[in-house]
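*Asks:* Structure incoming, see below.
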There are 4 protein chains.
Amino acid sequence: MVNIALIGYGYWGPNLARNVHQVPGAKLAVCCDADASRLAQVNLLYPLATVTTRAEDVWASPAVDAVVIATPAQSHFQLAKAALEAGKHVLVEKPLALSSEEARELIKLADARKLVLMVGHTFVYNPAVLKIKELIDQGQLGDVYYAYSTRVNLGRLHRDLNVLWSVVPHDISILLFLFGHMPLEVSARGNSYLKSGVEDVVFVSLFFPNGVMGNVHASWLDPSKVRRMTIVGSQKMVIYDDVESEGKIKVYEKGVLKVDHGEIFGEFQYKLHTGDIHIPKIDLSEPLRNECAHFVECVEKGTKPRTDGENGLQVIKVLEAAQRSLEKRGAPVEVR
Amino acid sequence: MVNIALIGYGYWGPNLARNVHQVPGAKLAVCCDADASRLAQVNLLYPLATVTTRAEDVWASPAVDAVVIATPAQSHFQLAKAALEAGKHVLVEKPLALSSEEARELIKLADARKLVLMVGHTFVYNPAVLKIKELIDQGQLGDVYYAYSTRVNLGRLHRDLNVLWSVVPHDISILLFLFGHMPLEVSARGNSYLKSGVEDVVFVSLFFPNGVMGNVHASWLDPSKVRRMTIVGSQKMVIYDDVESEGKIKVYEKGVLKVDHGEIFGEFQYKLHTGDIHIPKIDLSEPLRNECAHFVECVEKGTKPRTDGENGLQVIKVLEAAQRSLEKRGAPVEVR
Amino acid sequence: MVNIALIGYGYWGPNLARNVHQVPGAKLAVCCDADASRLAQVNLLYPLATVTTRAEDVWASPAVDAVVIATPAQSHFQLAKAALEAGKHVLVEKPLALSSEEARELIKLADARKLVLMVGHTFVYNPAVLKIKELIDQGQLGDVYYAYSTRVNLGRLHRDLNVLWSVVPHDISILLFLFGHMPLEVSARGNSYLKSGVEDVVFVSLFFPNGVMGNVHASWLDPSKVRRMTIVGSQKMVIYDDVESEGKIKVYEKGVLKVDHGEIFGEFQYKLHTGDIHIPKIDLSEPLRNECAHFVECVEKGTKPRTDGENGLQVIKVLEAAQRSLEKRGAPVEVR
Amino acid sequence: MVNIALIGYGYWGPNLARNVHQVPGAKLAVCCDADASRLAQVNLLYPLATVTTRAEDVWASPAVDAVVIATPAQSHFQLAKAALEAGKHVLVEKPLALSSEEARELIKLADARKLVLMVGHTFVYNPAVLKIKELIDQGQLGDVYYAYSTRVNLGRLHRDLNVLWSVVPHDISILLFLFGHMPLEVSARGNSYLKSGVEDVVFVSLFFPNGVMGNVHASWLDPSKVRRMTIVGSQKMVIYDDVESEGKIKVYEKGVLKVDHGEIFGEFQYKLHTGDIHIPKIDLSEPLRNECAHFVECVEKGTKPRTDGENGLQVIKVLEAAQRSLEKRGAPVEVR
């Protein structure tokens, strides 16, 4: 049995509490939040969990094996660091930290203490994303040309963390997972319409090897809720619409065939082909449940999580490059 | 009665022929195309029109008052120039030409000869776009923050003209019309997946004064046909979906109110407000019909078209900046 | 404070428990279910509620003021009767009972004891339905001609109660509420494809005074989940789609105007008119919450519920007529 | 070469003219309409066709092999009869006639003279309907349980022919084609809201052998245009949406499996199964083109059309039963 402490019971914390509570092999032992009224809610729903307003109580408790951190991003690093130093396994909500230096320090610490460090890139545990990955790996899409994602709606506004750091980690983690590569360069544009200096709209392009592109549009200022990613391959194309009720993934037998004309060197003809559309049945398991179960399994077996510290660092590196490009109004910035 | 010669009866020409034929005050007098089999089709549908494979016949004919040019973009400049030199009024399909030098030469020529020079930015004659312009000008959207447009589908591929020059002029002309300004800078990214050097996917951002942004995603490599533009204002937001059958424009009473907190300088609170959605009835007239009627009216009255040579030049300037930015993988390029 | 006992914690009971628990002025005092494992779940979520497998405990408890019955329909009558006899106020899930005799007996009993008897016709507490009622009562739709409703999906199958008695009460209660009348006649058709004698597909037409029709299609055997009602008036038309996320009600300024031609008696001309479409913002409160709050208020103030026993009886009368018509393959049956 | 005369160039005639004109092996030789202004339009579009306002000219012309009748339904019988008597092959728009007696007379006449008599049940030539037929015949749907169709929109109103006779023939012809049977009984309900005695809204149920049902809702008084049919089988289900642009047919791997419980006689368990959804690519050929080509082929080869006079009679028999049931407010009427 893995005894887990949840730190942060605000916007996302209740979802983590519910899932930790229900994952076999895990126990929601402690819940910590600075706001006592939220803890009253915890008491009501999870009467067997201990509550506290002080993180120190969590570090000090020998009954806690692992810590799940769902606080505002600004505190991720300090809390994760303290938890690791206290010998706890750690699952941090995305982003892992606010700089690659911080991320590297956490990785080093976890390695040194042989503790699990995992970041909550939930979409990597989403059955729809796993299905797309499977289609790509089977070669069904042919050569993957490019992908683009739209993740917009009205609200929820963050006061201090821009939409790049708070929303785009989702898309970056999906693109890294699907393409299996880091991008070489990033170009990003955007603006802050509500609060100066906190971008609420961004357009980000990731340049992967071999000309593959990943493009993300994220915004808090949009009339409708859209969560849609299109992946364009030479043989098939996929639309993943997370808001669609009838089927989240549509696989289109569509493409453009390049026919070598033969006679003159380099002369090609292009033939459109369009065929059936297929909506595969997707396992309806909750991604966050899968994520929590994976964390518990890694803690029990001492294995590396699919979204480990390194993966968290990769996403941060891309965010850092995007942030610099944003400040240069789109000029490409290398991902180091 | 304005006697019109149509040059180019390929992909788009038949639509122009049909509309020219039906506009009151105009007559489709001549149709010119290099391909005789297309002219046979013209003979069948418009038995009263003269056909020819030689543009020179058009220039020489005293029976021709005005010329509509719907050939591949590479020949726009030469044909428009020859037509103006022959004393004909000219309507050219977009883009007006392939460089701002060429565009300027055409403008000068038309001015000198007091001839109408118009470019076929059809969307500026689209009742849906006119309705959005009206809403913006009435101040109903409040401050316009940004707009983004998606114009994608599978095919129709161009062999030599990239998607920036062949598709994006639509969106640029809409954005210039709606915002009433030229952008200061452009950042563009994209790639050519089918034929090296001919981009089939682009993401373009236009930076307008006061932080207003216009963003365009255009592609020939997409599983579904999308023609959608979203305009985000501080008071209301509009989605214009040209493929939607029930109503092309949705006006959302949605926004984020910035409430001055008062106590501390610069501290604001943000309040989401969401209200009704309104789908105004839009006049169903065909945009191309309106465009042709406008051309005929300008010829008859000697007035400046709404999309005159200057407007054609403005769009080309933006395209040129976008093309340079594309080559610099997103680095911002000033629009001169 | 109204102390409430919930009887039946199966499919729908948990929703009632949650809402009773959260309505101000109410307390979930007791929960009764024959299945002890369900009661364990209750203990977990509502540690302060007493649980029991015996309804007799509820009747006997002086701490219980009111009873909410969410058991299979076959037991509604017996349990409601026993509850009333024990002096408890009663809210029964729909249908109130399985015959009008039973319904009349419950009404008489409640009247005699001055107890509240309410039936859970939830849609009458649904803000979208209330909005449509408002539009009709304001005369905005003009003359209401007819309405039709589709309530289909795959599953949830009932073994013994057909789709007419288990699903159609929703639509009947909505139609009675919107039209403010009882139908004169009913015609119903359907079939049982899975279990002989238990119809899983029905088409029901209600004939209201003045030619107004209400039509319902309900099924458990359908590939997609549809919950949509269309109300056609002479001036405006409304589509109410309960599955639509962007706006549940669309009001169409559409109609056919009958223009008296004048010259010849009885000669009319018909003019289609189509205008804007309006999607009013609908209060997002949960209908079941509103229903529970209404019950508590009626108990506290001793007032008649909007969906009282009489209303429950009305719906049953229509169901009885529909059942007889079903057996006669559509022949119209008078509603007594 | 089959020389064809078209009688009636009103609402639907222009579509027939265009297709007859383009079918290989056919020639639009004559066009007849009482309205001379419509014939002027014919002259413009088909300069080689002769025009006339008198049907007698058509009967008398030896240059006419076959006649296509697209006049109001009230004149179908008289015109078809005259055409057959004049020795012409005949294609009549649906319905073939307004009574089964009339239909039988036409059949007898065509048989006696060895002429082709065909009725324009277009949907039987629609690739989407053919695809569904193929799926049913291959047994992919398992046992077909029932189908229901919604064919509604605002307008186009008929003054004298109700929605049953003018719109529902489409659905009846599809259902007869798909199920390969005549229904035993019909129940129909409806009302006339605009013009007394001319129903503008009907709900029709066809009872086929083995409990299979076909249900049709047709209306001219509806806020949105719907053309959708759902076919429910024990193994798969199909939604055919003629308005959908992305794919007209969706095949759902959905059903309810009846599992014999074994122990007690007649006890079954029901298991929902839901799998993938498939959108097969459908040939985009125009149904009316296929219909016209089929007519020409039958004339040339002297073969029976798929929708011959008998088929036209079958649809009329169902309409007659439905009309009688309509007058009895839903009482089932046997189809003789």
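*Asks:* Among the residues in the range B:129-144, are any of a type in the set (Asp, Glu) and closer than 30 Å to residue B:2 by Cβ?
*Replies:* Yes, because at least one residue in the range B:129-144 is of a type in the set (Asp, Glu) and closer than 30 Å to residue B:2 by Cβ.
*Asks:* Taking the range A:237-250 as the search range and keeping residues that are at the interface with another protein chain (Cβ under 9 Å from one of its Cβ atoms) and surrounded by 23 or more Cβ atoms within 10 Å (Cβ to Cβ), which one is nearest to residue B:279 (Cα to Cα)? If you could, list the steps in order and put the result at the bottom.
*Replies:* Applying the first criterion (at the interface with another protein chain (Cβ under 9 Å from one of its Cβ atoms)) to the range A:237-250 yields A:237-239, A:243, A:245-247, A:250.
Filter once more, keeping what is surrounded by 23 or more Cβ atoms within 10 Å (Cβ to Cβ): A:237-238, A:250.
Numbers: A:237: 32, A:238: 31, A:250: 29 Å.
Across the range A:237-250, the extreme among qualifying residues is A:250.
*Asks:* In addition: Does the range C:254-272 include one or more residues that are at pLDDT 95 or above, more than 26 Å from residue C:335 (Cα to Cα) and within 7 Å of another protein chain (Cβ to nearest Cβ)?
*Replies:* Within the range C:254-272, not a single residue is at pLDDT 95 or above, more than 26 Å from residue C:335 (Cα to Cα) and within 7 Å of another protein chain (Cβ to nearest Cβ).
*Asks:* Looking at (1) more than 30 Å from residue A:185 (Cβ to Cβ); (2) touching a Leu at 6+ places or on another chain (Cβ under 9 Å), which one does residue B:139 not meet, given that it meets all the others?
*Replies:* Residue B:139 satisfies all of (1) more than 30 Å from residue A:185 (Cβ to Cβ); (2) touching a Leu at 6+ places or on another chain (Cβ under 9 Å) except (2).
*Asks:* Give the range A:67-126 a look and list any residue that's more than 24 Å from residue A:57 (Cα to Cα), among the aliphatic types (A, V, I, L, M) and under 14 Å from the mean Cα position of the chain (by Cα), or say none.
*Replies:* The one that is more than 24 Å from residue A:57 (Cα to Cα), among the aliphatic types (A, V, I, L, M) and under 14 Å from the mean Cα position of the chain (by Cα): A:124.
*Asks:* When the residues of the range D:225-235 are narrowed to those that are buried (at least 23 other Cβ atoms within 10 Å of the Cβ) and not polar (S, T, N, Q), which ends up farthest from the other protein chains (Cβ to nearest Cβ)?
*Replies:* D:229
*Asks:* Report, ordered by the first and then the second residue, all pairs with beta carbons closer than 6 Å, sequence separation of six or more or different chains, a first member in the range C:68-87 that is polar (S, T, N, Q), and a second member that is at pLDDT 95 or above and not in a strand (DSSP E or B).
*Replies:* Sorted first by the residue in the range C:68-87, then by its partner, the pairs are C:71/C:8.
Listed here are the residues, each with its yes/no results for (1) polar (S, T, N, Q); (2) closer than 24 Å to residue D:148 by Cβ.
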site: C:224; (1), (2): yes, yes
site: C:230; (1), (2): yes, yes
site: C:244; (1), (2): no, yes
site: C:255; (1), (2): no, no
site: C:297; (1), (2): no, no
site: C:300; (1), (2): no, no
site: C:317; (1), (2): no, no
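*Asks:* Sticking with this structure for a sec: Can you spot a residue in the range D:219-239 that is free of Cβ contacts under 8 Å to residues at least 24 places away in the same chain and either touching a Ser or Thr at 6+ places or on another chain (Cβ under 7 Å) or farther than 24 Å from residue C:234 by Cβ (or both)?
*Replies:* yes
*Asks:* Within the range B:17-32, work out how many residues are open to solvent by less than 60 Å² (accessible area, probe 1.4 Å) and in contact with a Leu (Cβ under 6 Å, 6 or more places away or on another chain).
*Replies:* So the answer is 4.
*Asks:* In the range C:136-163, which residues are outside any loop (DSSP other than H, G, I, E, B) and open to solvent by 10 Å² or more (accessible area, probe 1.4 Å)?
*Replies:* Scanning the range C:136-163 gives C:136, C:137, C:144, C:145, C:148, C:150, C:151.
*Asks:* Mind checking which residues of the range D:41-59 are outside any loop (DSSP other than H, G, I, E, B), open to solvent by 20 Å² or more (accessible area, probe 1.4 Å) and either touching a residue at least 12 places away in the same chain (Cβ under 8 Å) or within 14 Å of another protein chain (Cβ to nearest Cβ) (or both)?
*Replies:* D:41, D:43, D:44, D:45, D:50, D:51, D:57, D:59
*Asks:* Given the structure, is residue B:211 of a type outside the set (Ser, Thr, Tyr), farther than 17 Å from residue B:169 by Cα and open to solvent by 20 Å² or more (accessible area, probe 1.4 Å)? Full working, then the answer.
*Replies:* Details: of a type outside the set (Ser, Thr, Tyr): yes; farther than 17 Å from residue B:169 by Cα: yes; open to solvent by 20 Å² or more (accessible area, probe 1.4 Å): yes.
Considered against the rule, which asks whether it is of a type outside the set (Ser, Thr, Tyr), farther than 17 Å from residue B:169 by Cα and open to solvent by 20 Å² or more (accessible area, probe 1.4 Å), residue B:211 comes out as yes.
*Asks:* Check whether at least one residue in the range A:93-110 is out of contact with any helix residue (DSSP H, G or I) (no Cβ under 7 Å at 6 or more places or on another chain), in a helix (DSSP H, G or I) and of a type in the set (A, V, I, L, M, F, W, C), and report yes or no.
*Replies:* no
*Asks:* If a residue must be closer than 23 Å to residue C:201 by Cβ and modelled with pLDDT of 95 or more, how many such residues does the range D:273-289 contain?
*Replies:* Summing the residues that are closer than 23 Å to residue C:201 by Cβ and modelled with pLDDT of 95 or more in the range D:273-289 gives 1.
*Asks:* Is the range B:313-328 home to any residue that is more than 20 Å from residue B:104 (Cα to Cα), of a type in the set (A, V, I, L, M, F, W, C) and within 14 Å of another protein chain (Cβ to nearest Cβ)?
*Replies:* Yes; the residues of the range B:313-328 include at least one that is more than 20 Å from residue B:104 (Cα to Cα), of a type in the set (A, V, I, L, M, F, W, C) and within 14 Å of another protein chain (Cβ to nearest Cβ).
*Asks:* So, in the range A:170-190, of the ones that are free of Cβ contacts under 8 Å to residues at least 60 places away in the same chain and open to solvent by 40 Å² or more (accessible area, probe 1.4 Å), which residue ends up nearest to the other protein chains (Cβ to nearest Cβ)?
*Replies:* A:181
*Asks:* What do you reckon, is residue C:130 without any contact (Cβ under 8 Å) to a residue 24 or more places away in the chain and either crowded, with 24+ Cβ neighbours inside 10 Å or away from chain D (no Cβ under 14 Å) (or both)?
*Replies:* So residue C:130 fits the description; yes.
*Asks:* Being within 23 Å of residue B:121 (Cβ to Cβ) and in contact with a helix residue (DSSP H, G or I) (Cβ under 8 Å, 6 or more places away or on another chain) is the requirement here; does residue B:45 meet it?
*Replies:* Answer is no for this residue.
*Asks:* Could you grab me the full set of residues in the range A:282-314 that are more than 15 Å from the chain's Cα centre (by Cα), closer than 28 Å to residue D:273 by Cβ and surrounded by 15 or more Cβ atoms within 10 Å (Cβ to Cβ)?
*Replies:* Of everything in the range A:282-314, those that are more than 15 Å from the chain's Cα centre (by Cα), closer than 28 Å to residue D:273 by Cβ and surrounded by 15 or more Cβ atoms within 10 Å (Cβ to Cβ) turn out to be A:282, A:293.
*Asks:* A follow-up question, please. Among the residues of the range D:191-217, what is the count of those that are under 17 Å from residue D:324 (Cα atoms), outside any strand (DSSP E or B) and either at the interface with chain C (Cβ under 9 Å from one of its Cβ atoms) or of a type in the set (Asp, Glu) (or both)?
*Replies:* 4
*Asks:* Being farther than 23 Å from residue C:317 by Cα, crowded, with 20+ Cβ neighbours inside 10 Å and within 14 Å of chain A (Cβ to nearest Cβ) is the requirement here; does residue C:66 meet it?
*Replies:* Criteria not met by residue C:66.
*Asks:* Regarding the range C:150-162, can at least one residue be identified that is within 27 Å of residue C:288 (Cα to Cα) and hydroxyl-bearing (Ser, Thr, Tyr)?
*Replies:* Looking through the range C:150-162, at least one residue is within 27 Å of residue C:288 (Cα to Cα) and hydroxyl-bearing (Ser, Thr, Tyr).
*Asks:* Separate question: Only one of (1) over 20 Å from residue C:198 (Cα atoms); (2) buried (at least 24 other Cβ atoms within 10 Å of the Cβ); (3) modelled with pLDDT of 95 or more; (4) within 10 Å of another protein chain (Cβ to nearest Cβ) is not met by residue D:220, so which one is it?
*Replies:* Tallying (1) over 20 Å from residue C:198 (Cα atoms); (2) buried (at least 24 other Cβ atoms within 10 Å of the Cβ); (3) modelled with pLDDT of 95 or more; (4) within 10 Å of another protein chain (Cβ to nearest Cβ), residue D:220 fails exactly one: (3).
*Asks:* Name the single residue, out of those in the range C:1-17 being modelled with pLDDT under 95 and not aromatic (Phe, Trp, Tyr), that is farthest from the chain's Cα centre (by Cα).
*Replies:* By that ranking, first place goes to C:1.
*Asks:* Scan the range A:1-40 residue by residue and report those that are among the aliphatic types (A, V, I, L, M), without any contact (Cβ under 8 Å) to a residue 40 or more places away in the chain and in a helix (DSSP H, G or I).
*Replies:* If the condition is that a residue be among the aliphatic types (A, V, I, L, M), without any contact (Cβ under 8 Å) to a residue 40 or more places away in the chain and in a helix (DSSP H, G or I), then A:17, A:36, A:39, A:40 are the ones that fit.
*Asks:* Would you mention how many residues in the range C:301-330 are more than 14 Å from residue C:177 (Cα to Cα), touching a helix residue (DSSP H, G or I) at 6+ places or on another chain (Cβ under 6 Å) and not in a helix (DSSP H, G or I)?
*Replies:* 0
*Asks:* When both residues are 6+ apart or on different chains and their Cβ atoms are under 6 Å apart, which pairs have a first residue that lies in the range A:136-164 and is more than 8 Å from chain B (Cβ to nearest Cβ), and a second that is aromatic (Phe, Trp, Tyr)?
*Replies:* A:163/A:220
The values are calculated or read from the model by the stated rules, or taken from the named source; none is laboratory data. Bear in mind the structure is a predicted one, so any value in this text is a computation, not a measurement. Note: ideal-geometry Cβ built from the backbone for every residue, glycine included; neighbour counts use all protein chains shown. All accessible areas refer to the heavy atoms of the entire protein, side chains included, with ligands and DNA or RNA removed. Shrake-Rupley method; radii C 1.70, N 1.55, O 1.52, S 1.80 Å.
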